[in-house]
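A.B. asks: First the structure, then my questions, so here it is.
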Amino acid sequence: MVDLSRRAVLAGSAAVAIPGVARAQAGKPRLTMITQWSAGSDGAAITALGKLFEQNGGIWQHSPVPGFTTDMMNKLRAEIMAGDPPAASQLKGPEIAAWSKIAPTVDLDGVVAAAGYEAFVAPELAALHKPYGHWIALPLQLYRINTLFASKKAMDKVGATKLPGTWAEFNDLAGKMKAAGIIPLANGGIRWDDGMKWEIALNGISPAAYRKAVMELDTDALMGPEVLAAFEQTRKLADWMNPSIAAQSWSVQVAPFIRGEMGMVLMGGWAQGNIINGGFTFADFLSGPAPQDNGRASYIMNADAFIFWQQKAADLQAGQQLFAKLIMQLPTQEMYSHITGSIPVRTDADLSGTGWSDAQRSSAQGLKDAVKEKQVVLSLAHNMAQPNPITAAMIDVLTEFVHNKDLQPKEAQQRLADAIDSAR
Amino acid sequence: MPRDDFAERVREAPRRRRFWDAILPALAIWPPLILSAGHVVVFTLWTAWLSFTPSTLLPEAGYVGWHNYTNVMGTRNFHVAYVNLVIFGVCFVVATSALGLLLAILLDQRVRGENVFRTIFLYPMAISFVVTGTIWSWLLNPGIGIQRLVQGWGWTGFRFDWLVDRDMAIYTLVIAGAWQAAGFAMALFLAGLRSVDGEIIKAAQIDGAGAWRIYRRVVLPTMGPIVLAVMVILLQMAIKTFDLVRALTGGGPGIATNMPATVVYDFMFQRGQIGRGAAAAMLMLLALVVVIVPYQLYQRWRGRSA
């Protein structure tokens, strides 16, 4: 929580109410902001960002809305309807384009060009933040979704030393674990978790098909052999999941995973934070990219970002410019990622120094390689690939497929295509 | 003259008091009533209007006809939710009423410490469905709850994994819901049992009827209206079920335990499709009307014929 003195609040509200006064006080840039980040490493990171903003001469007014992202969005919606949006708010993926239609946003082209920033951002990511040709939002941190974690104890038990590189190798290893009495896959019983398993499967089979089917919603690709193969692989994954998990996060299984009772985790890079916060060390697990059948680096991207809402008060406008400059800088992004376990957005970040984990280095290297290979895609389950209505309709099918063993891959593929049609 | 004046005042005072006596109850009742009725009516109309607009993230003007309705009714979520509503509605009402009636009859035996038992049985009513759902999600989880406990006692073949079974998960909602609401049904039934005329019961006893027969033939038939009221209250609770689902199953496994209210929430807040969410809400209102209106008509008919 950010402490605010009553005087600061009064001064702030007076500044909003009277533009003349605002101009008189414009000496200090000010930023109002809503995010869902209030606790844990996320809360610590945003608080540190606020401190940095204050050190650079700004006034930081952060109102966290804890809970689900949708709770934060409801607060944002209410403020927009009241005609008083915050200067900046958390928002990500195609929602940036969708929400930019309901209230005016700030054109950040000038400040982005001045920093020469665009050269350092993956093109897939840049496109999300300049949906109609102008920068209106800025990414903050990245996570790789297609990351595989394996329990050291479980690997030892089946005599494996290396993470599987392809789905065939993965299936082989999981089979061995099952035979040894280990639950091969520690998963969460939550809908986006199920969707994530499928997206990792499809991307591991073919990033090109993923791009066509999931990001472009190409009907031929959706009904194509790669998507069918992804459903078949997802069925295998479902058979290897912990049958007792119900509506819980995967992270409740960190302890049995480390004890070697569960073998592997397919999860975004933040899983490392769950494991380390659970009191375990890097010696307890292996991590690296999830299986990739074509052998070239690929990267399913999840990025947090801020959108900038148009303001009348001069001090808020100055605050937006200052904040934009700050979060484009490499040291800011490094500071943030150190706390949360993500990786910086900037592709020129060097993670060889101290303070970075091997998992973060693997993720950053993976991004660099995947940009070269043109195998960067956007996450469906984490609302990066499609706007919410389409994402939700697709995840409905995927989560039902994971839990309904009677549903055949072929039929599920047809249902997925139908669900997309009816959501559009 | 002054005497007349005085007499006037004496006559005036009670009249003034009578005026306030007459108006005070009206003042206490009408403004809140108008306010809450206004809230219900205005927002119902607002939702009805929204359901015909193309609104997505924000309400927007425009007319799309029945498009939102046909779209919502075409989704799998909707089908699953309404099939679940029928299963849950019937099972929840029957199980809760039966359990409540049983508890009420047992308490009616003038047991010692009746107040203690009544408080214990009513207690679940005092906690929210979210708490109920969370507790039962632990109890019913096969990995940590009842199944694990019984297996730990040595019955290794014991299975009770309804929570993660797609076809059975809806019944876990019935279990948790009945546990929560049975005390409420008990309280109403108990009041009903106690209101039966003692003379009739005594007469039956003199005629040599046993306790079971007195309940079956004398007490229960006079409780018809209360049974009906309990069932209607429980049924409308079933239709509005939301927090229990969120806390206990999260709508899962997959989408197997979606209910009408979770579908509304999903459209409105998760997907940002206010128009479709409003349509789903109107369909839910329709389900409530189907239950409440016949009941009210029946009440009126009974009131008139009595």
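None of the figures in this text is laboratory data; all of them are computed from the coordinates on show. Computed from a predicted model, the values in this text were never measured in an experiment. In this analysis, Cβ positions are derived from the backbone assuming ideal geometry, glycine residues included, and neighbour counts consider all displayed protein chains.
A.B. asks: Between the stretch B:75-111 and the stretch A:277-319, how many Å separate their Cα centres?
C.D. replies: Between the Cα centres of the stretch B:75-111 and the stretch A:277-319 lies a distance of 46 Å.
A.B. asks: Just tell me which aspartates and glutamates come within less than 20 Å, Cα to Cα, of A:LYS157; anything on the same chain fewer than 8 places away is out.
C.D. replies: Partners within reach: A:GLU169, A:ASP172, A:GLU261, A:ASP284.
A.B. asks: Hey, another quick one. Straight-line reach from A:LYS405: which lysines have Cα under 16 Å away, leaving out those fewer than 8 places along the same chain?
C.D. replies: The reachable lysines, counting only those whose Cα sits under 16 Å from A:LYS405, are A:LYS197, A:LYS236.
A.B. asks: Given all pairs of different Cα atoms, what value in angstroms does the Kirkwood hydrodynamic radius of the stretch A:304-373 take?
C.D. replies: In the stretch A:304-373 this quantity evaluates to 13.7 Å.
A.B. asks: Over the Cα atoms, compute the radius of gyration (one decimal) and Dmax (the largest Cα-Cα distance, rounded to a whole number) for chain A, in Å.
C.D. replies: Here Rg and the maximum Cα pair distance are 22.3, 74 Å.
A.B. asks: What is the pair-distance distribution P(r) of the stretch B:45-176, computed from all Cα-Cα distances in 5 Å bins starting at 0, with each bin given as a whole percent?
C.D. replies: Answer for the stretch B:45-176: a P(r) of 2, 8, 11, 12, 12, 13, 13, 10, 7, 5, 4, 2, 1, 0 percent.
A.B. asks: Students often check this: by mean Cβ neighbours within 10 Å, which of B:276-282, A:210-216 ranks highest, and how do the rest follow?
C.D. replies: Values: B:276-282: 25.9, A:210-216: 21.9.
Ranking, from highest mean packing down: B:276-282, A:210-216.
A.B. asks: Please report the equivalent ellipsoid semi-axes of the protein assembly as shown, computed as sqrt(5 x eigenvalue) of the Cα gyration tensor, largest first, in whole Å.
C.D. replies: Numbers: eigenvalues 548, 300, 117 Å².
Semi-axis lengths for the protein assembly as shown are 52, 39, 24 Å.
A.B. asks: Nearest 20 debye, what's the magnitude of the dipole of the stretch B:123-204 about its Cα centre given +1 on Lys and Arg Cβ and -1 on Asp and Glu Cβ? It would help to have the intermediate numbers written out before the result.
C.D. replies: On the way: 5 positive and 5 negative charges, 31 e Å.
About 140 debye.
A.B. asks: Once you have the alpha carbon radius of gyration of the stretch A:111-263, what is it after dividing by 2.2 N^0.38 Å, with N set to its residue count? Before the final figure, lay out each step's value.
C.D. replies: Values: Rg = 18.9 Å, N = 153, 2.2 N^0.38 = 14.9 Å.
Normalised by 2.2 N^0.38 Å, the Cα Rg of the stretch A:111-263 equals 1.27.
A.B. asks: Cα-Cα over 26 Å: which of A:LYS75/A:LYS101; A:LYS162/A:LYS410; A:LYS28/A:LYS92; A:LYS152/A:LYS410?
C.D. replies: Pairs exceeding the cut-off: A:LYS162/A:LYS410; A:LYS28/A:LYS92; A:LYS152/A:LYS410.
A.B. asks: Distance between Cα centroids, the stretch B:172-244 to the stretch A:59-102: provide it in whole Å.
C.D. replies: Taking the Cα centre of the stretch A:59-102 as reference, the centre of the stretch B:172-244 is 50 Å away.
A.B. asks: With θ set to phi - 60°, apply the Karplus curve 6.51 cos²θ - 1.76 cosθ + 1.60 along the stretch A:58-65 and write out the HN-Hα couplings as whole Hz, x wherever there is a Gly or Pro.
C.D. replies: Here the 3J(HN,Hα) series is x, 10, 9, 10, 9, 10, x, 10 Hz.
A.B. asks: Let me ask another. What does the charge add up to near B:PRO294, with Lys and Arg as +1, Asp and Glu as -1, over the other residues with Cβ less than 14 Å from its Cβ?
C.D. replies: Values: positive: B:ARG300, B:ARG302; negative: none.
Local net charge: +2.
A.B. asks: Taking square-rooted eigenvalues a ≥ b ≥ c of the alpha carbon gyration tensor, is the stretch A:230-283 rounded, prolate or oblate, where a/c under 1.5 means rounded and, failing that, a/b exceeding b/c means prolate?
C.D. replies: Working: a/c = 2.00, a/b = 1.75, b/c = 1.14.
Prolate.
A.B. asks: Kirkwood Rh, the stretch A:62-133, all Cα pairs: how many Å?
C.D. replies: Details: mean 1/r = 0.0728 Å⁻¹.
It is 13.7 Å.
A.B. asks: What chymotrypsin sites (Phe, Trp or Tyr not before Pro) does the stretch B:52-142 have in DSSP loop regions with at most 10 other beta carbons within 10 Å? Intermediate results must be reported in sequence, preceding the final value.
C.D. replies: Details: sites: B:PHE52, B:TYR63, B:TRP66, B:TYR69, B:PHE78, B:TYR82, B:PHE88, B:PHE92, B:PHE117, B:PHE121, B:PHE129, B:TRP136, B:TRP138; in loops: B:PHE52, B:TYR63, B:TRP66.
Those satisfying the criteria are B:TYR63.
A.B. asks: Would you work out the charge dipole size for the stretch B:81-301 about its Cα centre, treating the Cβ of every Lys and Arg as +1 and the Cβ of every Asp and Glu as -1, and quote it to the nearest 20 debye? Working shown, then result.
C.D. replies: Numbers: 16 positive and 10 negative charges, 22 e Å.
Dipole size: approximately 100 debye.
A.B. asks: Just to confirm a number: summing +1 for Lys and Arg and -1 for Asp and Glu over residues other than A:PHE282 whose beta-carbon lies under 15 angstrom from that of A:PHE282, what do you get? Don't skip to the answer; put the middle values down first.
C.D. replies: Numbers: positive: A:LYS152, A:LYS153, A:ARG361; negative: A:ASP284, A:ASP358.
Computed value for this residue: +1.
A.B. asks: May I ask which residue of B:GLN147, A:ALA359, A:SER206 lies farthest towards the positive end of the charge dipole of the protein assembly as shown, with charges of +1 (Lys, Arg) and -1 (Asp, Glu) on Cβ and the Cα centre as origin?
C.D. replies: Projecting each Cα onto the dipole axis, the largest value belongs to B:GLN147.
A.B. asks: Using only Cα atoms and rounding to the nearest 10 degrees, what angle (0 to 90) does helix A:225-239 make with the longest principal axis of chain A?
C.D. replies: 80
A.B. asks: Among A:GLY189, A:ASN242, A:GLN61, whose Cα lies farthest out toward the positive end of the dipole of chain A, if unit charges sit on the beta carbon of Lys, Arg (+1) and Asp, Glu (-1)?
C.D. replies: A:GLN61
A.B. asks: If you don't mind, there's one more thing I want to ask. If one computes the Cα centroid of the stretch B:273-300 and of the stretch A:32-53, what distance in Å separates the two points?
C.D. replies: 43
A.B. asks: Now for a separate question. Calculate one ³J(HN,Hα) per residue across the stretch B:152-162 by plugging θ = phi - 60° into the Karplus curve 6.51 cos²θ - 1.76 cosθ + 1.60, and present them in order as whole Hz with x for glycine and proline.
C.D. replies: x, 6, x, 7, 5, x, 5, 10, 8, 10, 4
A.B. asks: Find out how many positive minus negative residues lie around B:ASP167, taking Lys and Arg as positive, Asp and Glu as negative, among other residues whose Cβ is under 12 Å from that of B:ASP167.
C.D. replies: Working: positive: A:LYS405, B:ARG166; negative: A:ASP406, B:ASP161, B:ASP165.
Taking every Cβ under 12 Å from that of B:ASP167, the sum is -1.
A.B. asks: Please list log₁₀ I(q)/I(0) at q = 0.14 Å⁻¹ for the stretch B:81-301, using the Debye equation with identical point scatterers on the alpha-carbon positions.
C.D. replies: Here log10 of I(q) over I(0) equals -0.97.
A.B. asks: List the residues, sorted by chain then number, that are 5 or more residues from A:ASN302 or on another chain and whose placed amide H is less than 5 Å from its amide H.
C.D. replies: Those lying under 5 Å, H to H, from A:ASN302 are A:TYR143, A:ILE145.
A.B. asks: With unit charges on the beta carbon (Lys/Arg positive, Asp/Glu negative), name the residue among B:GLN299, B:TYR82, B:THR262 whose Cα is farthest towards the positive pole of the charge dipole of the stretch B:81-301.
C.D. replies: B:GLN299
A.B. asks: Placing +1 at every Lys and Arg Cβ and -1 at every Asp and Glu Cβ, with all other atoms neutral, what dipole size does the protein assembly as shown have around its Cα centre, in debye to the nearest 20?
C.D. replies: On the way: 63 positive and 56 negative charges, 412 e Å.
So the magnitude is around 1980 debye.
A.B. asks: Rounded to whole Hz and in sequence order, give me ³J(HN,Hα) for the stretch A:408-423 from the Karplus expression 6.51 cos²θ - 1.76 cosθ + 1.60, θ = phi - 60°, writing x for Gly and Pro.
C.D. replies: 7, x, 4, 5, 5, 4, 5, 5, 4, 4, 5, 4, 5, 4, 6, 7
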